[in-house]
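Here is the structure we will look at, set down as structure tokens.
The values are calculated or read from the model by the stated rules, or taken from the named source; none is laboratory data. Bear in mind that the values here come from a model prediction, so they are computed numbers and not experimental data. Here the Cβ positions follow ideal geometry from the backbone for every residue, glycine too, while neighbour counts run over all protein chains shown.
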Amino acid sequence: MHPVHTLRFFLAVALSALFSLAHADSTNRFCPDLLAVKGAPEPTHRGEFTFSPYTHHWSQNPDHKKVVLVAIDEQLPGDRLCGVSFFSNSFGQPSVYVYAGQQFNNLMGVPQLFAKVTGGLMYGYVSPYENKVPLNYKGFNPAIIPAVGYKLTQHDSVQVKFLGTAALMFSYGRQF
């Protein structure tokens with residue numbers, strides 16, 4: 001399948017998932033129930049919208065472009081989450097990351113401090129930049145992204161995502 005058609009397919013799936021999340025009730029979940037923890041209390045927030053306006057690259061590559069990201073997560077019982085993010089990668093290519101993960105609250109006894117780790121499938125690093133991410137096959141590659149965040153209010157947070165040896169991504173999250 002041509003990369004443009006593949007990206008369109010993933011965008012259609014992601015938009016369908018976002019529509020499903022926006023119209024979800026307790027019986028119609030965005031993420032599979034297999035991620036749910038039996039007996040865990042329901043989260044106080046249904047989801048989180050994330051925006052990242054800035055990424056700091058460790059190396060100064062003249063091919064690097066501005067990275068902008070928007071993401072939406074569904075919060076699941078047991079501090080689990082799943083979601084999708086859309087971004088322009090470091091080389092200006094439209095990209096998508098579909099993921100599931102875990103949030104760890106109250107780090108080091110600080111109620112506002114948390115960590116997240118997500119893992120999933122990313123698409124977007126295509127020719128001539130397909131070798132810029134590991135295990136890339138026709139634009140698809142697995143990804144694991146750890147993050148540390150600080151809750152500013154009950155609904156607002158700031159986060160730093162660690163993008164391997166390449167960069168740090170700074171973002172704002174709004175829970176709803």
Quick one: how many residues across segment 89-128 are buried (at least 16 other Cβ atoms within 10 Å of the Cβ) and either assigned to a helix (DSSP H, G or I) or of a type in the set (Ser, Thr, Tyr) (or both)?
-> 7
Has segment 57-73 got at least one residue that is more than 25 Å from Gln154 (Cα to Cα), of a type outside the set (D, E, K, R) and in contact with a helix residue (DSSP H, G or I) (Cβ under 7 Å, 6 or more places away or on another chain)?
-> no
Of all residues in segment 135-166, which are part of a loop (DSSP other than H, G, I, E, B) and either in contact with a strand residue (DSSP E or B) (Cβ under 7 Å, 6 or more places away or on another chain) or among the β-branched types (Val, Ile, Thr) (or both)?
-> Leu135, Gly139, Leu152, Thr153, His155, Thr165, Ala166
Does Leu81 qualify as being in a strand (DSSP E or B), surrounded by fewer than 20 Cβ atoms within 10 Å (Cβ to Cβ), of a type outside the set (Asp, Glu) and under 18 Å from the mean Cα position of the chain (by Cα)?
-> no
Determine the pairs where a residue that is of a type in the set (Val, Ile, Thr), located within segment 114-142, has a partner that is assigned to a loop (DSSP other than H, G, I, E, B) with Cβ atoms under 7 Å apart, the partner being 6 or more residues away or on another chain.
-> Val126/Gln93; Val126/Gly139; Val133/Tyr125
Would you say Gly139 is over 23 Å from Glu74 (Cβ atoms) and either surrounded by fewer than 18 Cβ atoms within 10 Å (Cβ to Cβ) or at pLDDT 95 or above (or both)?
-> yes
Asn131 fails exactly one of (1) assigned to a helix (DSSP H, G or I); (2) touching a Lys or Arg at 6+ places or on another chain (Cβ under 9 Å), namely (2)
